[in-house]
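The values are calculated or read from the model by the stated rules, or taken from the named source; none is laboratory data. Here the structure is a predicted model, which is why all the values come from computation and not from measurement. We place every Cβ from the backbone using ideal geometry, glycine too, and count neighbours over all the protein chains shown. With ligands, DNA and RNA removed, areas are computed over all heavy atoms of the protein, side chains included. Shrake-Rupley method; radii C 1.70, N 1.55, O 1.52, S 1.80 Å.
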Amino acid sequence: MVSQRKEFVRAFPDHLWRPSITHTPKFLGLEKDAGLWRDTNYGEGVIIGVVDTGIYAAHPSFDDSGIPPPPSKWKGSCHGTAAAHCNNKLIGAKFITVNDSGDVIGHGTHTSSTAAGNFVSGASAQGLGRGTAAGTAPRAHLAMYSMCTLRGCDSVDIIAGIDEAIKDGVDVLSLSLAPIYDVEFSADPVAIGALSAVAKGIVVVAAAGNNGPKSFLANSAPWLLTVAAGSVDRSFETVVQLGNGNHINGEAFNQITNLSSKPKSFPLHLNKHCKSWPGRNVAGKIVICHSTGPMNDTGPSINKTDISAIISAGAAGVVLINRKAAGFTTLLEDYGNVVQVTVADGNNITEYVRTTSKASAKVIYKNTVLGVRPSPTVAAFSSRGPGTFSPGVLKPDILAPGLNVIAAWPPLTMLGSGPFHIKSGTSMSTPHVSGVAALVKSCHPDWSAAAIKSAILTTADIMDSTGGPILDEQHQRATAYAMGAGHVNPTKAVDPGLVYDLGITEYAGYICALLGDQDLAFITRDLRLSCKMLPKIPEAQLNYPTITVPLKTRPFTVHRTVTNVGPSNSIHTLKMEIPKSLTVRVYPETLVFSKAGQKIRYSLTVSSSDSESSNFMEGSLSWVSVTHVVRSPIVVALL
């Protein structure tokens with residue numbers, strides 16, 4: 001039996017995981033021939049491994065113009081149909097237990113190009129967002145580990161892909177994957193495989209999942225860099241001009257050019273469930289209908305065949321009203337001649353139709369509008385913390401662009417056609433952060449995975465384009481459980497000043513405190529660690545760059561250690577933003593460094609004067625020097 005073999009550790013039931021998908025680099029402050037891209041040479045020399053559905057290797061985003069050969073440490077190779085197109089950009093392509101079919105889904109092509117696609121001029125998705133496409137780290141190398149199919153991604157295949165990437169020598173692993181239900185760490189092959197990668201210095205970036213604004217958060221292990229999804233300052237704007245003169249701003253995936261200055265007006269017809277019912281005449285009318293589905297499912301769930309049936313019946317078009325739970329998030333889908341609007345705007349249209357005898361409207365296509373405010377906002381579908389199995393570590397970690405992202409796509413798939421396509425999800429936000437991690441790695445090749453994560457978190461933006469706090473899908477102030485430390489800022493991340501570092505022994509000590517010796521053996525596999533040799537580290541005491549403490553009236557103290565990666569001689573002074581009902585004391589209040597690499601430990605003691613009126617409060621702690629602000633969210637919660 002396999003269980004009796006010497007190398008056997010544990011068998012666990014196989015679970016199914018799912019993939020979670022021009023302008024975004026500029027939104028992140030990345031400009032060609034300037035700033036961070038120029039200073040890091042666009043991530044040159046860094047290898048990003050992508051575990052996904054495959055890759056359409058012939059896409060121009062994977063052309064290797066201007067990219068040198070991979071570093072000598074690279075041990076990977078290209079197999080199957082991708083081999084003919086492998087080059088200095090796409091340096092690896094392996095198919096783990098699935099047939100080599102390139103990428104019949106499109107997801108892996110999209111995520112790979114978002115992380116490290118080369119520059120492609122004249123890119124657009126059906127004419128929308130026209131410009132030059134590029135990944136976040138355009139000169140980084142790519143390696144694809146394909147094991148996902150239309151039905152999802154099997155756990156055993158994912159861990160095999162991760163192990164293969166570790167052997168090949170990747171620097172960053174991008175996992176735009178999430179389980180269909182919550183999985184504890186000791187039974188989670190992704191968490192297990194990722195810890196082996198982190199032990200080798202590989203940054204592992206993973207999707208928070210698309211279960212927002214309720215339900216569970218995926219990939220919550222503290223050694224993962226867990227990414228939430230937000231909007232950018234771009235809209236594919238389409239105006240529904242009502243007969244009473246009111247303008248309703250929506251968005252449309254498919255837009256046609258208004259050939260005249262006076263678009264044609266059509267009667268409006270209410271059809272709540274988006275069904276083509278026999279005997280109801282919709283010919284020559286714009287049909288108004290509602291997206292349906294469970295409240296935590298914020299994306300459209302209308303069947304394309306229902307929309308097609310309405311259009312086939314002669315309808316002039318469809319206005320699809322988002323769910324209430326989606327708020328101001330419009331997740332575009334390729335439904336055909338459809339305009340998508342928020343529930344608030346949809347209600348205004350519905351009221352107009354109900355109170356007007358001959359209600360009518362015109363549709364005016366604006367194509368692409370930039371400078372949309374506020375931005376970013378947290379997308380409705382983005383999963384919220386805390387994590388189920390370790391609520392004492394703040395998750396998600398970071399927010400990044402994940403709504404209506406344009407990236408590379410195969411020529412023809414069941415989910416749309418290329419060469420570029422619009423997709424949304426934490427699958428799309430994850431490779432943005434993978435690219436940022438590659439840029440940081442190119443500047444600091446000797447930094448640990450935890451140091452790179454810390455740099456990304458402590459330099460995150462907490463303000464939006466209006467100068468106010470980042471908002472959620474309902475345009476309420478986003479909590480740390482929605483956006484983590486804030487929105488990723490690549491330029492600041494390469495120069496954080498201080499970092500909160502962690503190694504495999506600290507993660508192992510955390511596992512010992514949380515789960516015990518048996519689960520440590522399952523999770524760490526061949527690292528040969530035992531809880532008998534390690535100090536147990538409770539969640540709150542893990543040297544994480546964010547701080548979560550239990551809500552109590554009695555004082556609770558946590559400790560953190562920061563490492564100086566900025567100027568040799570620097571002084572950092574404490575700055576805090578704390579709710580009035582919390583008392584927070586930090587010692588020392590000034591950190592004085594005299595050399596690079598120096599470590600200083602500080603303590604933070606929290607107590608609450610009102611622990612019964614709220615189960616969650618948050619503030620922040622910053623260490624401020626002449627050149628740096630090193631910010632950590634503080635979450636005080638019932639755990």
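Applying a threshold of 29 Å to the alpha-carbon distances of 200/595; 395/423; 89/167; 73/599; 89/200; 26/423 flags 73/599 as lying beyond it. Using R0 = 56 Å, the C-beta based FRET efficiency linking residue 372 and residue 75 works out to 0.80. Were the residues from residue 246 through residue 65 laid out at 0.36 nm apart, the gain over their Cα-Cα distance would be 60.2 nm.
Given a Förster distance of 60 Å, report the FRET efficiency between residue 347 and residue 517 from their Cβ-Cβ distance, rounded to the nearest 0.05.
Result of the calculation: an efficiency of 0.60.
Full extension of the segment from residue 272 to residue 132, taken as 0.36 nm per residue of separation minus the current Cα-Cα distance, would add 46.4 nm.
Separation of the stretch 566-625 and the stretch 105-178, taken as the distance between their Cα centroids, equals 38 angstrom.
With N set to the residue count of the stretch 109-235, report its C-alpha Rg divided by 2.2 N^0.38 Å to two decimal places.
Working: Rg = 15.9 Å, N = 127, 2.2 N^0.38 = 13.9 Å.
That works out to 1.15 for the stretch 109-235.
Given a 1.4 angstrom probe, what's the average accessible area per residue across the chain, in square angstrom?
Numbers: 24610 Å² over 639 residues.
In whole numbers, the chain has 39 Å² accessible per residue.
In plain terms, the chain from residue 573 to residue 124 could stretch by 156.9 nm, reckoned as 0.36 nm per residue minus the Cα-Cα distance.
Mind checking the log10 I(q)/I(0) for the stretch 46-93 at q = 0.14, 0.28, 0.32 Å⁻¹? Debye, one equal scatterer per Cα, no solvent, two decimals. Cα-only, vacuum Debye calculation for the stretch 46-93: -0.31, -1.28, -1.50.
About the Cα centre of the chain, how large is the charge dipole given +1 on each Lys and Arg Cβ and -1 on each Asp and Glu Cβ? Please answer in debye to the nearest 20. Intermediate results must be reported in sequence, preceding the final value.
Values: 53 positive and 47 negative charges, 180 e Å.
Dipole magnitude for the chain comes out near 860 debye.
Stokes-Einstein diffusion coefficient for the chain at 4 °C in a medium of 1.567 mPa s, Rh from the Kirkwood formula over Cα pairs: what value in µm²/s?
Numbers: Rh = 25.3 Å.
After rounding, the answer is 51 µm²/s.
A simple spin-label model places the labels of residue 610 and residue 594 4.6 nm from each other, with each point 7 Å out along Cα-to-Cβ. For residue 601, the accessible surface of its heavy atoms amounts to roughly 150 Å² (probe 1.4 Å, protein chains only, rounded to the nearest 10).
Rounded to the nearest 10 square angstrom, residue 443 shows an accessible area of 60 square angstrom against a 1.4 Å probe.
Of all beta bridges that DSSP places with both ends in the chain, some 60 percent have antiparallel geometry.
Tally up the carbon and sulfur contribution to the accessible surface of the chain as a whole percent, 1.4 Å probe, everything protein left in place. Could you put the intermediate results ahead of the total?
Values: 12620 of 24610 Å².
Taking all protein chains in place, the chain shows 51 percent carbon and sulfur surface.
In what sequence, largest accessible area first, do 26, 441, 423 appear using a 1.4 Å probe? Each step should come with its number before you reach the end.
Working: 26 125, 441 25, 423 45 Å².
Solvent-accessible surface, decreasing: 26, 423, 441.
For the stretch 148-273, what is the percent of antiparallel DSSP beta bridges, rounded to the nearest 5?
Numbers: 7 of 14 bridges.
Percentage antiparallel, nearest 5: 50.
At what distance in angstrom do the alpha carbon centres of the stretch 487-535 and the stretch 426-458 lie from each other? Their Cα centres are 17 Å away from one another. Measuring r between the beta carbons of residue 505 and residue 357 and using R0 = 56 Å, the FRET efficiency lands at 0.15.
Here's the list of lysines a cross-link from residue 324 could span, going by alpha-carbon distance under 17 Å and ignoring same-chain residues fewer than 8 apart: 214, 272. Placing +1 on the Cβ of every Lys and Arg and -1 on the Cβ of every Asp and Glu, with nothing else charged, gives the stretch 154-262 a dipole about its Cα centre of roughly 480 debye. Can you pull out the cysteines in the chain that have no other Cys Cβ under 4.7 Å? That list is 443.
Extents of the stretch 547-637, taken as max minus min of Cα coordinates on every principal axis and listed largest first, are 45, 19, 15 Å.
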